[in-house]
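As structure tokens, the structure follows; a few thoughts come after it.
The values are calculated or read from the model by the stated rules, or taken from the named source; none is laboratory data. Being a predicted model, the structure only gives us computed values, none of them experimental. FYI the Cβ positions are ideal-geometry reconstructions off the backbone, even for glycines, and counts take in every protein chain you see. For the accessible areas, the whole protein counts, side chains as well, though only heavy atoms, and no ligand, DNA or RNA atoms are used. Shrake-Rupley method; radii C 1.70, N 1.55, O 1.52, S 1.80 Å.
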Amino acid sequence: MANNGNDWKRSADESNSELQKVIEALKAKVTSLEGEMSQVKSTVAKRQQQVAFTAHFNKGGPTTHSGSYDVPIAFSQVELNLGKGYDSKSGVFTAPVAGLYLFHLYVKGVGTKTANDQFQLAIVNGKSELAKVTLHSELYKYARTSTSVATHVEAGQKVCVKFHNWPVGRSDPFSYDIWHDTSFTGVLICAD
């Protein structure tokens, strides 16, 4: 009889040992899955981050512009600024997250049919011109033009609008009417 009790105890100890191994393996798997789930949640949250801005001139015109090629043009009237990347004082958008962005520039100029003014503006990422528009104000009193560009931007990179060409003797090519015609827009299409 004593032998049966020892066999039973030994069998129970072996079963208990096997169960402990299974429990430890399951705990390790749960820990691993929790880590993976955390990474997935982080990736999904990052990809769902909304970044978009639309800004235009207010009735008084741009707050900074001198015709200099190195000075960003500030669109001071901000309609939308999701992600807080656009600075209306400097005119510079700083990407809060890396990803594929779409930028759009719409320009309405003021000119006369006799003036032969040609203004070129560029959407700039650092020193690189991403897109350029030319406004020939001699064609129409209120000439209009636009450009768009889709480009990858790293987190912290800056994008703005600058003059590419500025006619001598001209100080103000833009229309500042109540319709806020000249505008700069950017939107995050997909985060990295």
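A few points about this structure:
- Within the stretch 24-46, residues that are touching a residue at least 12 places away in the same chain (Cβ under 8 Å) and within 29 Å of VAL97 (Cβ to Cβ) have Cβ atoms under 8 Å from residues that are surrounded by 10 or more Cβ atoms within 10 Å (Cβ to Cβ) and of a type in the set (A, V, I, L, M) in these pairs: LYS46/VAL97; LYS46/ALA191, counting only partners at least 6 apart in sequence or on another chain.
- Condition check for LYS84: more than 30 Å from THR43 (Cα to Cα), of a type outside the set (A, V, I, L, M), modelled with pLDDT of 90 or more and surrounded by fewer than 18 Cβ atoms within 10 Å (Cβ to Cβ): no
- Qualifying residue in the stretch 41-50 (condition: modelled with pLDDT of 90 or more and open to solvent by 70 Å² or more (accessible area, probe 1.4 Å)): yes
- Flag if GLU129 is charged (D, E, K, R) and either at pLDDT 90 or above or buried (at least 16 other Cβ atoms within 10 Å of the Cβ) (or both): no
- Residue that is nearest to the chain's Cα centre (by Cα), among those in the stretch 145-192 that are β-branched (Val, Ile, Thr), open to solvent by 20 Å² or more (accessible area, probe 1.4 Å) and modelled with pLDDT of 90 or more: VAL187
- Inter-residue pairs, beta-carbon under 9 Å, first farther than 14 Å from THR147 by Cβ and open to solvent by 20 Å² or more (accessible area, probe 1.4 Å) and in the stretch 98-121, second β-branched (Val, Ile, Thr) and modelled with pLDDT of 55 or more, 6+ apart: LEU100/THR151; LEU100/VAL153; LEU100/ILE189; GLN118/THR134
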